[in-house]
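We did not get these values from a lab; they are worked out from the coordinates using the rules stated. None of these values were measured; they are calculated from a predicted model. FYI the Cβ positions are ideal-geometry reconstructions off the backbone, even for glycines, and counts take in every protein chain you see.
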Amino acid sequence: MSDILSMTAVEARAALDKKTISAVELATAYIAAAEETSSLNNYVAVTADHALSMAAQSDKRIAAGEAGILEGIPVGVKDLFCTAGVASTACSRILQGFIPPYESTVTANLWQAGGVMLGKLNCDEFAMGSGNETSAYGPAINPWQAGDGVDLVPGGSSGGSASAVAARAALMATGTDTGGSIRQPAAFCGIVGLKPTYGRCSRWGIVAFASSLDQAGPFSRTVADNALMMQAMASHDPKDSTSADEPMPDLSAALDAGVKGMRVGVPREYVMDGMDPDVVALWQTGQAWLRDAGAELVDISLPHTKYALPAYYIIAPAEASSNLARYDGVRYGLRVEADSLDDMYGETRAAGFGEEVQRRIMIGTYVLSAGYYDAYYLKAQRVRRLIKDDFDTAFQSVDAILTPATPTAAFPVGRTVDDPVTNYLNDVFTVPANLAGLPGISVPAGLNADGLPLGLQVLGRPFDEATLYSVGRVIEDAAGFSATPTRRAGGTS
Ligand code: GLN
């Protein structure tokens, strides 16, 4: 069984086509793996029956020579995605019992390509968090540990997704990234995560957090697997008015394109207080890898970087407060009965939303209120434009930008629960790409002194995910990252 679990998706696809394994065998191995690693709390539901019947269909299509690009590949789904007939709660009490009658476009695309749904994965409540600690299901745990054996967060908000892929409890998984929720957990768990360009993946059927920032994207163990999943996820969707009608190139061609002659920017503003020295060292090593592979490294300036985090923590809560107004006890999930309609709204929302979500609603409502709108929200929107302009200028002279993915490695569960601002600081390197709508990838590139994974981030021009995969592949090859976490399925192989 452990052999099957150590296959990449590309290898598993080849083995399925050669019929040395079957999709049912693969699904069975991953269902067992999810059970074996259940102490990581990364699944909120394993949909075994679903998986086995989808896998049986895959085996039929493979036999008929009709395999899709993800045929038979077991995929975990962040609980933020609506899945038809399967509870979808955004890991919030307020959506308890909500079973969508429809499928999100992204997951529908994955099943259309032959993917097999393993289950729903833990995440921060409504995707608000950086450690998967705000989930109504309790924290998901990182399969990596430092020598002291303390439980670490897998990152957030897509912590369950990253934990499951790193623990070999899913071969790939969906995530969403509003301010870093794919790239930061990928870095914390030693796997690959990509946030596509805003508009690349349809947001239809994904529970909304901050609509002008939210994007779905893939998690995988390798860059090639990531490109494969991205190819299947993206589509133009008339059901999402912000979905872009931009054809996706063949991403497999990008994997071996290399970086010869490419200009890669290194932003001087991304050196910050509180960075782990190992992160700084790895960033320099990453620059040397790209230089050795034929890229030209260019010092660039993104002068408004320091305003990105404050602008994000105004814009995202503002949009969230408006998006979350729909959870009123009438249309979905939880309802707490009370004497009047107003009391029912209030009591349902007080019981249904966790502390972090309530904090965001309060901040968002405040910055949108008359008298504060101009001072906060409008100003944050202006800053957002300046940040976008910084990137536009930079991309006139470079093809990609290299930065660390996070300022530190994964931190212990519980450390920042009472300190939201420290938690927010985690997103310092990831948030700018969301504000500017740009694609970004995090690739595992090394370990810190405690033996925990660190990621490098590559940012690209709008709709140029292909270049991110070219650069990501060079980093992956140079890093030769082969370390594996202690708490994973299938033992030591
Ligand atoms: N950590 C950020 C937040 O809490 C980003 C979350 C996300 O990307 N969904 O807002």
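Using a 10 Å Cβ count of at most 15 others and DSSP loop calls, identify the longest part of the chain lacking such trypsin sites (Lys or Arg not before Pro). Intermediate values should be presented prior to the final figure.
On the way: sites that count: LYS19, LYS239, LYS260, ARG331, ARG415.
With trypsin sites (Lys or Arg not before Pro) excluded where exposed in loops, the chain gives 20-238 as its longest stretch.
Mind listing the long-range amide H neighbours of GLY440? Cut-off is under 5 Å, sequence gap 5 or more, other chains count too, H placed in the peptide plane at 1.01 Å from N.
Answer set, sorted by chain and number: LYS195.
What share of Cα pairs, in percent, lie more than 14 angstrom apart in the stretch 335-381? It would help to have the intermediate numbers written out before the result.
On the way: 650 of 1081 pairs.
In whole percent, the share of Cα-Cα pairs in the stretch 335-381 beyond 14 Å is 60.
Using θ = phi - 60° and the Karplus curve 6.51 cos²θ - 1.76 cosθ + 1.60, what whole-Hz ³J(HN,Hα) does each residue of the stretch 239-254 get, with Gly and Pro shown as x?
Karplus values, whole Hz, x for Gly and Pro: 7, 10, 5, 9, 6, 8, 8, 10, x, 8, x, 6, 6, 5, 5, 6.
With charges only on Cβ, +1 for K and R and -1 for D and E, what is the dipole size of the chain about its Cα centre, in debye, rounded to 20? Let's see the in-between values first.
Numbers: 36 positive and 55 negative charges, 95 e Å.
Magnitude of the dipole: close to 460 debye.
Dipole of the stretch 54-104 (Lys/Arg Cβ +1, Asp/Glu Cβ -1, origin at the Cα centre): which of ILE99, VAL77, ILE62 lies farthest to the positive side?
Most positive-ward Cα: ILE99.
Could you work out the local net charge near LEU152, counting Lys and Arg as +1, Asp and Glu as -1, over the other residues with Cβ closer than 12 Å to its Cβ?
Numbers: positive: ARG415, ARG487; negative: GLU133, ASP148, ASP151, ASP450.
That sum, taken over residues with Cβ under 12 Å, equals -2.
Mean separation of Cα pairs under 8 Å and 6+ residues apart, divided by the residue count of the stretch 70-195: what relative contact order is that in percent?
Details: 315 pairs, mean separation 31.0, N = 126.
Result for the stretch 70-195 is 25 percent.
Before rounding to the nearest 500, sum -39500 (n - 2.57) across all DSSP H runs of length at least 4 in the chain and divide by the residue total; then give [θ] at 222 nm in deg cm²/dmol. Mind dumping the intermediate values first?
Details: 17 runs with 187 residues, N = 493.
Estimated from H runs of four or more residues: -11500 deg cm²/dmol.
Specify whether the C-alpha gyration tensor of the stretch 3-60 places it in the rounded, prolate or oblate class, a ≥ b ≥ c being the square roots of the eigenvalues: rounded for a/c under 1.5, otherwise prolate if a/b is larger than b/c and oblate if not. Please list the in-between numbers first.
Values: a/c = 2.82, a/b = 1.50, b/c = 1.88.
Here the stretch 3-60 falls in the oblate category.
Grab every C-alpha pair in the chain, bin the distances at 10 angstrom width from 0 up to the longest one, and report whole percents.
4, 22, 33, 27, 12, 2, 0, 0
Give the cross-link partners of LYS379 among the lysines, using a straight C-alpha distance below 16 Å as the criterion and excluding same-chain residues fewer than 8 apart.
Qualifying lysines at Cα under 16 Å: LYS306, LYS388.
For the stretch 119-200, state the average projected area of the convex hull of the C-alpha atoms over all orientations, rounded to one decimal in nm². If you can, show how the numbers build up before the last one.
On the way: hull surface 21.5 nm².
That works out to 5.4 nm², a quarter of the Cα hull's surface.
Classify the stretch 272-390 from the C-alpha gyration tensor, please: rounded if a/c falls under 1.5, else prolate or oblate depending on whether a/b exceeds b/c. Provide the component values of the computation, followed by the final result.
On the way: a/c = 3.63, a/b = 2.25, b/c = 1.62.
Prolate.
Counting other Cβ atoms within 10 Å, which GluC sites (Glu not before Pro) in the stretch 1-109 have at most 13 and lie in a DSSP loop? List each step's numbers first, then the result.
On the way: sites: GLU11, GLU25, GLU35, GLU36, GLU66, GLU71, GLU103; in loops: GLU66, GLU71, GLU103.
For GluC sites (Glu not before Pro) across the stretch 1-109 that sit outside H, G, I, E and B with at most 13 neighbouring Cβ atoms in 10 Å, the list reads GLU66.
Suppose every Lys and Arg Cβ carries +1 and every Asp and Glu Cβ carries -1, with no other charges. What dipole size does the stretch 1-92 come out with about its Cα centre, to the nearest 20 debye? Show your work: numbers first, answer last.
Details: 6 positive and 11 negative charges, 43 e Å.
It works out to roughly 200 debye.
In percent, what relative contact order does the chain have, based on Cα pairs under 8 Å that are 6 or more apart in sequence? Intermediate values should be presented prior to the final figure.
Details: 1239 pairs, mean separation 93.2, N = 493.
RCO, the chain: 19 percent.
Restricting to the chain, compute how many DSSP beta bridges are antiparallel as a %, nearest 5. List each step's numbers first, then the result.
On the way: 29 of 43 bridges.
Once the DSSP bridges in the chain are tallied, antiparallel ones form about 65 percent.
From zero outward in steps of 10 Å, how is the percent of C-alpha pairs of the stretch 141-252 spread across the bins?
P(r) for the stretch 141-252, in whole percents per bin: 16, 44, 30, 8, 2, 0.
Sum up the charges of everything whose Cβ sits under 10 Å from the Cβ of THR430, counting Lys and Arg as +1 and Asp and Glu as -1, but leave THR430 out.
Working: positive: ARG183, LYS195; negative: ASP177, ASP427.
After counting each charged neighbour, the total is 0.
Rounded, prolate or oblate: pick one for the stretch 358-465, where a ≥ b ≥ c are the square roots of the eigenvalues of its C-alpha gyration tensor, a/c under 1.5 means rounded, and failing that, prolate if a/b is larger than b/c, else oblate.
Values: a/c = 3.24, a/b = 1.15, b/c = 2.81.
Judged from the Cα gyration tensor, the stretch 358-465 comes out oblate (a/c at least 1.5, b/c at or above a/b).
With a cut-off of at most 11 other beta carbons within 10 Å, and DSSP calling the residue loop, which chymotrypsin sites (Phe, Trp or Tyr not before Pro) in the stretch 110-176 qualify? Please list them. Show your work: numbers first, answer last.
On the way: sites: TRP111, PHE126, TYR137, TRP144; in loops: TYR137, TRP144.
Within the stretch 110-176, no chymotrypsin sites (Phe, Trp or Tyr not before Pro) qualify (loop, at most 11 other Cβ atoms within 10 Å).
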